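Here's the structure, in structure tokens; my notes come after.
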Amino acid sequence: MSFLPIVERELRVASRKPATFWVRVFLVLVTLIIWFLLMGQSQSSNASLGQMLFIAIGILALSFCLFAGVFLTADCLSEERREGTIGLLFLTDLKGYDVVLGKLVSNSLHAFYGLLAILPMLALPLLIGGVTAGEFWRITMALLVSLSLSLTLGLAASAFNHDPRRAISTALLLLIVPTGILPVVWMVQRYIIGGSGCGFLLWPSPVFLYSQALDTNFGPSGTQPYYFSLATIIGLSVMALILTSWSLPRIWQETSRATGKTTGFNWTRFNFGSAAHRLMRRRLFLDDNPYYWLASRELLPGRTAALVMGACLPIWLCFLVGCFHPSRNTQNWCFGVVMFMAYGLHVAMKLMVTTEACRRLNEDRHSGALELVLSTPLSVQNIIEGQRRALWETFRVPLLLLLGLNVILVWVVGLADPLRMNGDAGVFCVIYVGGAVLLLADYYALTWTGMRSALCKGRHTRAIFSTLMRVMLVPWVMVLMTFLVVTGRRGFSGNDVAGFFMFWALTAGVLDLMVATWAESNLNYELRKIASGSIQAVRESEFSSVSVLVKAEDAA
């Protein structure tokens, strides 16, 4: 047998996928747009333009690297486990590292090509000025190891989870711990204890590695943090890869389920509720709307959202109380934490809504259950309405809590005003009120678009990625571009912030309405056809000539 046979096969398959081409094209287009916008800033010097362009493209590339594992590798091995195909591989003389490396290479090829496409654009500021060659190569190395960490953590999460939601959540949590939680712990201990101790908490963070790679932080007295962080991230990636390769042949069989052994934790009761709760729901909703009863059976999404809110809200309230501290520095620091925590909770809630909106219809389509349901007297409108009711029941309490956070922030800034903002208070009130409105608008768009993507995408992760791209990508790219234009010309003032936010909110709201309307009309019209496979057959027939060429090449 040849060396790493699965790697060779998966590379051949991945090279023929359209995404291998389109990911590179899309990333280059985004960087080109940023490039031309910044080059039009005639009031800035060449050095400042080059540095601004370098940092903007670097942040874009770092975000791409960090989230690559969540969308590309977090469900690759768990999907094989659900379909029962991974056991067939271990019937041969393949080892765990053969399967793991094969899946890693095939699912990371798009991300690696995308990063390679960005690097030439990242090097262009070298010709303008303001960026050194050493800074460029350090940032390149930081991006490569950040991508490897994200992909290997996603692969490890995929190997130890059977359900796609748990795999994606685990991958996201494994990424948040070194990237966000450990730096926050370091900041808290530095604020309470003082000094620069516990610096090792920052080493696993790709964001810290990126910041240390810049010339402003990298120097004769600051080289060690960069290299320590680089070695730590490389070590974590290698450890995750070794652990996954060693564990996969031993955990894929799920012996506890096969032998009937149970652990101390009753997962069925936690996910579906007690027997009395299940009986009550059957009596109330099975005759009303069977698909609503089916889609709302699992309590795990709602309890996960409640767990996230329950863990973060007490911390948020503690920092909110700190905004009334007599010390001005403490007030500013606590207010910054409160504001960014609220923003992070908004983003986390939108991710959870997207994940759940894409799940049920995607699973039912793959298992054939959706086609069976459509063969009953249940109409398409009943199915869609049942899914939407289930989503609202799951997330209505966390959404109302988030709206309450925005109301509290409006009260703190506009009425209590412990920070004495004076004229800037109105700007922050506009931001918080607009954020609450956009939360509801994004929820509406994400639910409709998620259900539509769940039917058209093969994998759950691809449906999530497609939904986020349609709903969330364009507004945030506009945020980045508008921010660069404003800062490049004349800096930020209160009027700039208010105008910038109103422009962004209006654009995001219009986009939400357009995307949701398009998804709703297509979902009502195409759900039955997609479930029966007729639309998919038409789409596959369009590429029949390509399939013939591929088969001929394989035969040769």
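The values are calculated or read from the model by the stated rules, or taken from the named source; none is laboratory data. A quick note: this is a predicted structure, and the numbers were derived from the prediction, not measured. A quick note on method: Cβ atoms are made from the backbone with ideal geometry, for glycine too, and the neighbour counts reach across all protein chains shown.
Structure data summary
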| item | result |
| --- | --- |
| Some residue of the stretch 253-264 being modelled with pLDDT under 85, in a loop (DSSP other than H, G, I, E, B), within 29 Å of the chain's Cα centre (by Cα) and more than 20 Å from Gly87 (Cα to Cα) | no |
| Close pairs from the stretch 505-526: first over 26 Å from Ile431 (Cα atoms), partner of a type in the set (Lys, Arg), Cβ under 8 Å, at least 6 apart | Ala519/Arg452; Asn522/Arg452; Leu523/Arg452 |
| Test: residue in the stretch 66-83 that is more than 15 Å from Asn161 (Cβ to Cβ), over 21 Å from the mean Cα position of the chain (by Cα) and not polar (S, T, N, Q) | no |
| Ala445 being in contact (Cβ under 8 Å) with a residue 24 or more places away in the chain and within 21 Å of Arg470 (Cβ to Cβ) | yes |
| Flag if Ser247 is in a helix (DSSP H, G or I), surrounded by fewer than 18 Cβ atoms within 10 Å (Cβ to Cβ) and at pLDDT 80 or above | yes |
| Members of the stretch 374-407 that are β-branched (Val, Ile, Thr) and surrounded by fewer than 17 Cβ atoms within 10 Å (Cβ to Cβ) | Thr376, Val380, Val397, Val407 |
| So Ser205, is it under 27 Å from Met52 (Cβ atoms) and crowded, with 22+ Cβ neighbours inside 10 Å | yes |
| Residue within the stretch 471-490 that is at pLDDT 80 or above and more than 25 Å from Phe324 (Cα to Cα) present | yes |
| Some residue of the stretch 418-425 being touching a residue at least 60 places away in the same chain (Cβ under 8 Å), out of contact with any strand residue (DSSP E or B) (no Cβ under 6 Å at 6 or more places or on another chain), loosely packed, with under 15 Cβ neighbours inside 10 Å and acidic (Asp, Glu) | no |
| All positions within the stretch 366-395 that are of a type in the set (Ser, Thr, Tyr) and at pLDDT below 85 | Ser367, Ser375, Thr376, Ser379 |
| Any hit, the stretch 297-307, residues being assigned to a loop (DSSP other than H, G, I, E, B) and of a type in the set (S, T, N, Q) | no |
| Unmet criterion (only one of (1) under 16 Å from the mean Cα position of the chain (by Cα); (2) over 25 Å from Leu53 (Cα atoms)) for Asn161 | (1) |
| Test: residue in the stretch 280-291 that is crowded, with 17+ Cβ neighbours inside 10 Å, touching a residue at least 12 places away in the same chain (Cβ under 8 Å), among the charged types (D, E, K, R) and farther than 24 Å from Val407 by Cβ | no |
| Per-region count, the stretch 57-101, residues among the small types (Gly, Ala, Ser), modelled with pLDDT of 80 or more and surrounded by fewer than 22 Cβ atoms within 10 Å (Cβ to Cβ) | 1 |
| Per-region count, the stretch 173-196, residues at pLDDT 75 or above and of a type in the set (Gly, Ala, Ser) | 1 |
| Residue within the stretch 206-216 that is β-branched (Val, Ile, Thr) and over 20 Å from the mean Cα position of the chain (by Cα) present | yes |
| Members of the stretch 53-102 found to be under 29 Å from Cys358 (Cα atoms) and part of a loop (DSSP other than H, G, I, E, B), listed by number | Thr73, Ala74, Asp75, Gly84, Thr85 |
| Candidates Leu143, Leu49, Leu119, filtered to the one that is part of a helix (DSSP H, G or I), over 24 Å from Pro164 (Cα atoms), modelled with pLDDT of 85 or more and touching a Gly at 6+ places or on another chain (Cβ under 8 Å) | Leu143 |
| Sole exception among (1) of a type in the set (Lys, Arg); (2) farther than 21 Å from Pro164 by Cα; (3) modelled with pLDDT of 85 or more for Arg420, by number | (3) |
| Residue that is surrounded by the most Cβ atoms within 10 Å (Cβ to Cβ), among those in the stretch 308-347 that are outside any helix (DSSP H, G or I) and hydrophobic (A, V, I, L, M, F, W, C) | Cys323 |
| Subset of the stretch 334-354 (residues that are among the β-branched types (Val, Ile, Thr) and touching a helix residue (DSSP H, G or I) at 6+ places or on another chain (Cβ under 6 Å)) | Val337, Val338, Val353, Thr354 |
